[in-house]
Amino acid sequence: MFDTLTGKFQDLVGSLTSKKLTESNISDAVRETRLALLEADVNYSVASTFVKRVKEKALGETLLKSIKPSQQFIKILHDELTALMGGEEATLKLDKKPSIIMLCGLQGSGKTTHCVKLGSYLKKKNKKVLLAACDLQRLAAVDQLKKLASEAHLTVFSLDEKSPVKVAKKALKKAQEEKYDVLIVDTAGRLHVDETLMDELLDIKNVLQPDEVLFVANATTGQDAVKTAFEFDKKVAITGTILTMLDGNARAGAAISITEITKKPLKFEGIGEKIDDLQVFHPKSMADRILGMGDVINLVKKAEENISEEESKSLQKKLKKATFNYEDYLKQMGMLKKMGSFKSLLKMIPGASAFSDFDMPEGKLKKIEAIIMSMTLNERQETVGLGFSRRKRLASGSGCTIDEVNRMVKSFKRIKQMLKKMPTKGGLKNFAPNMKQLKSQFGGNLWH
């Protein structure tokens, strides 16, 4: 995501090597910033306004002796990007019971999927959620909603009915009678904005009086998503946006521009295909990612959601005493799987560009788990060595080859070395330099 823009910003910062910021090098940096934003499909007027603010800030700054020019400029970029995308995290308005959230957008933007993702997100917040199937235009939309909802253990209200307004009315009645906390309404989309679509959305909105009208935008469509959001806002007055497909080849244009153009906050971002791949949009987090600074905000959130304080303290003790063994390795992989792919987690750590080619695909994870599960207790706890006969038995018991067992043992030893090098103080800010050393030592791929 945003790799090209991130690379350009990093090159730009690296070029500011002079001892002080001058009007000349600021002008050059600002010009490069503007070109980078336009290439990333950021709205022209947004890009122009943004670079004007950056230039004014840079020229007006007093350079601190302890800070390099590049660091000062990147801070200005970061602050302005954060402000451009809303500044603060925007919360959902859930004051009523039931609170009503209506999703709208063009066909193919991911409305139906994100109805379920949003429902699952709210369910984790202890909300009783009902989904209403009001997309009666697209074939199989209702079936798709039901299928996805069943995976997330959510209830769907649907009727054999041609009028989405009637379905919406009866869904609201059910939500009221059965004391649901939230009603999420899936609506129809079109391949383009048209009056029929808008009239239908307005009819549903007038009946439900929703607390939130969220526009679902596909980030890979760039400025088209921003223009469409603006059109929807004019017609139905959206309250915010969900940006989908941010795990794909998005060029950052929609993420950077959409709040400035619509004057409505970006509230959520879809970051993958799984039901749980939805997170609250945080402008500072997005600015961090665009500038190649990782994503500590969401990394900490994921850790808090999936790793208990007791588990965390237990791991810290083991690392401190250097007693990390195969049993711990298996537990840690289980926790990491809950948090997402290993590669996606590494990208969230500052300095991720130093080890972006590290990965642990799902297939390899399963093989490693199978090998460790085939070990005896003594083998897992490393009280006995893994000689050839033992490795041969592990290969047979796990359905793997001897070579795969050997690679797993080798990768485990490398992981132990990596963990020993992790700082006991300083946290994540000291993690990236250690990863750079490891990359140099191990040739870039930790798992072979």
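The values are calculated or read from the model by the stated rules, or taken from the named source; none is laboratory data. Because the structure is a prediction, the values reported are computed rather than measured. Cβ coordinates were reconstructed from backbone atoms using ideal geometry, including for glycine residues, and neighbour counts include every protein chain displayed.
Values as computed for the structure displayed
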quantity	calculated
Unique residue being under 23 Å from the mean Cα position of the chain (by Cα) and surrounded by fewer than 20 Cβ atoms within 10 Å (Cβ to Cβ) when the list is 86, 119, 108	108
Only one of 70, 48, 18, 66 that is surrounded by 13 or more Cβ atoms within 10 Å (Cβ to Cβ) and modelled with pLDDT under 80	70
Yes/no for residue 97 being of a type in the set (D, E, K, R) and touching a residue at least 40 places away in the same chain (Cβ under 8 Å)	yes
Residue match in region 196-213 (condition: crowded, with 17+ Cβ neighbours inside 10 Å and among the hydroxyl-bearing types (Ser, Thr, Tyr))	no
Scope region 137-158; condition among the hydrophobic types (A, V, I, L, M, F, W, C), more than 16 Å from residue 210 (Cβ to Cβ) and touching a Leu at 6+ places or on another chain (Cβ under 9 Å); matching residues	142, 145, 148, 149, 154, 156
Test set (1) surrounded by 21 or more Cβ atoms within 10 Å (Cβ to Cβ); (2) under 27 Å from residue 273 (Cβ atoms) - residue 77 fails condition number	(2)
Only listed residue being on the phi > 0 side of the Ramachandran plot and not small (Gly, Ala, Ser), chosen from 173, 162, 166, 179	179
Odd one out for residue 116 among (1) touching a His at 6+ places or on another chain (Cβ under 9 Å); (2) in contact (Cβ under 8 Å) with a residue 40 or more places away in the chain	(1)
Test result for residue 125, free of Cβ contacts under 8 Å to residues at least 24 places away in the same chain and in the same structural domain as residue 220 (by TED's automatic domain parsing)	yes
Checking residue 101 against (1) under 30 Å from residue 158 (Cβ atoms); (2) surrounded by fewer than 20 Cβ atoms within 10 Å (Cβ to Cβ), the condition it does not meet	(2)
Strands (runs of 3 or more DSSP E) (entirely within region 90-201) containing at least 2 residues that are touching a Phe, Trp or Tyr at 6+ places or on another chain (Cβ under 6 Å)	129-134
Every residue from region 381-395 that is closer than 15 Å to residue 407 by Cβ and in a loop (DSSP other than H, G, I, E, B)	386
Subset of region 78-107 [of a type in the set (S, T, N, Q) and under 22 Å from residue 36 (Cβ atoms)]	82
